[in-house]
Amino acid sequence: MRELTFVTTDIEELLASCQKIVETELGYKLTRANPVMLLLKSLLSIIVQQRELINISAKRNLLQYADGEYLNKLGELVGVTRLPATAAQVSVEITLSAARNQATLIKSGTRISADENIFFAIDDNVIFNAGETTKTATATCLTIGEAGNGFAAGEICRIVDVQPFLLSIVNVDESNGGSDEEDDESLRERIREAPESFSNAGSEGAYIFHAKSVSPLISDVAVHSPEPGKVDVYILMNGGELPSEEMLAKVKDHLSDKTIRPLTDLVTVKAPVIEEYDINIQYWVSRDDVIYVEEICARAEQAVDDYINWQSEKLGRDISKAKLIQFVMNAGVKRVNVISPGFTATDKFTVAKIGKKTVRFEGIESE
């Protein structure tokens, strides 16, 4: 597709135009050595730069080219704002050193850590009644963004703010939900989908738009109505990850708002259905490329990983043998034999996930 321009920046065209105007005013033809011609050429660079700025400014009024604050302003026209960064959260179990005959308070803001760089704080005061020794609570990461995600159960256990009778605080599930500020591509896609949200009849596009508005970590959404009045919303996270129970609950709460959900719809938010597949391939390198064989093998291995990521980053993406061949051939191999997968069509609420991966380099072949 040809690059969009609003004003020309072609130097020869602009010089000819300027020369014609000046010659008309002066009443004689300008030679290449004429001082006036040299002055025009020196000014031409300024004119071209200004025209480049005009093109950039004009293009930023269009959704395809807008970025940063310009994209934010386009979003405001349809009621869409950039999603802010959020902090990760995790469920924790708090244990006292012994049962007491009176109530014990563990203060909100009590900090715990996994690595002394990332800290979590208890969200609310936790009160142990007499005789109780264990309670559950929610803790929020003090570092905004994705840095607080991915701490496995039991990792966040170092108590920073020691309190009387407090024995331990430990996370019971993996921390998640932290996200960086929404990037331009994600915001651009939501702005493009925003007109669907104007519907008051619960359109598929409206559900997709509102679900994506919960978190920039949501990369794809599929909507399915198994029967009249019932709506299943499937969400997929960045990197092809499955959503946590907390994320599913957040999306359902958002979609259940009376300004979003039609009264007749029973909405259920679900993780995608997993379609597992195996990869088993053999590949050969051309004898002409033998000196690059180590580099090509590394690229072939990376190509398979890139295919796996591509396959899982979108809902309803068919499992494609042809696409795998394309990825591996682009790495520079001479020939590839795909034993598995074949071709599998998937439903729009399904995500393909890798099972067993076998990649074998079989040697050198002549052309």
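Any residue at all in the range 140-153 that is more than 28 Å from LEU242 (Cα to Cα) and out of contact with any Ser or Thr (no Cβ under 9 Å at 6 or more places or on another chain)? No: the range 140-153 contains no residue that is more than 28 Å from LEU242 (Cα to Cα) and out of contact with any Ser or Thr (no Cβ under 9 Å at 6 or more places or on another chain). When SER219 is tested against the conditions (1) part of a strand (DSSP E or B); (2) over 27 Å from ILE274 (Cβ atoms), the lone failure is (2). Residues that are surrounded by 15 or more Cβ atoms within 10 Å (Cβ to Cβ) and out of contact with any helix residue (DSSP H, G or I) (no Cβ under 7 Å at 6 or more places or on another chain) within the range 282-300 comprise GLN282, TRP284, SER286, VAL293, CYS297, ARG299, listed in sequence order. Against the list (1) surrounded by fewer than 17 Cβ atoms within 10 Å (Cβ to Cβ); (2) touching a residue at least 12 places away in the same chain (Cβ under 8 Å), the condition VAL162 fails is (2). For the range 104-122, the tally of residues that are in a loop (DSSP other than H, G, I, E, B) and either closer than 14 Å to GLN163 by Cβ or modelled with pLDDT of 95 or more (or both) stands at 4.
Suppose we keep only residues that are surrounded by 15 or more Cβ atoms within 10 Å (Cβ to Cβ) and either more than 30 Å from TYR65 (Cα to Cα) or among the aromatic types (Phe, Trp, Tyr) (or both) within the range 35-54. Which one would you say is nearest to the chain's Cα centre (by Cα)? Restricting to residues being surrounded by 15 or more Cβ atoms within 10 Å (Cβ to Cβ) and either more than 30 Å from TYR65 (Cα to Cα) or among the aromatic types (Phe, Trp, Tyr) (or both), the top hit is LEU40. Restricting attention to the range 338-364, the residues being in a loop (DSSP other than H, G, I, E, B) and either on the phi > 0 side of the Ramachandran plot or aliphatic (A, V, I, L, M) (or both) number 1. Looking across the range 164-195, the residues that are more than 13 Å from the chain's Cα centre (by Cα) and under 16 Å from LEU74 (Cα atoms) come down to ILE191, ARG192, GLU193, ALA194, PRO195. Scanning the range 20-59 for residues that are among the hydroxyl-bearing types (Ser, Thr, Tyr) and over 18 Å from THR9 (Cβ atoms) returns THR24, TYR28, THR31. Here LYS323 fulfils each of the conditions (1) in contact (Cβ under 8 Å) with a residue 60 or more places away in the chain; (2) within 30 Å of ASP232 (Cβ to Cβ) apart from (1). Determine whether the range 25-34 contains at least one residue that is outside any helix (DSSP H, G or I), surrounded by 12 or more Cβ atoms within 10 Å (Cβ to Cβ) and on the phi < 0 side of the Ramachandran plot. Yes: the range 25-34 contains one or more residues that are outside any helix (DSSP H, G or I), surrounded by 12 or more Cβ atoms within 10 Å (Cβ to Cβ) and on the phi < 0 side of the Ramachandran plot.
Report yes if LEU63 is touching a helix residue (DSSP H, G or I) at 6+ places or on another chain (Cβ under 7 Å) and in a helix (DSSP H, G or I), otherwise no. Considered against the rule, which asks whether it is touching a helix residue (DSSP H, G or I) at 6+ places or on another chain (Cβ under 7 Å) and in a helix (DSSP H, G or I), LEU63 comes out as no.
Would it be correct to say that GLY150 is surrounded by fewer than 17 Cβ atoms within 10 Å (Cβ to Cβ), on the phi > 0 side of the Ramachandran plot, out of contact with any Gly (no Cβ under 8 Å at 6 or more places or on another chain) and not hydroxyl-bearing (Ser, Thr, Tyr)? Considered against the rule, which asks whether it is surrounded by fewer than 17 Cβ atoms within 10 Å (Cβ to Cβ), on the phi > 0 side of the Ramachandran plot, out of contact with any Gly (no Cβ under 8 Å at 6 or more places or on another chain) and not hydroxyl-bearing (Ser, Thr, Tyr), GLY150 comes out as yes.
The values are calculated or read from the model by the stated rules, or taken from the named source; none is laboratory data. All values reported here derive from a predicted model rather than from experimental measurement. FYI the Cβ positions are ideal-geometry reconstructions off the backbone, even for glycines, and counts take in every protein chain you see.
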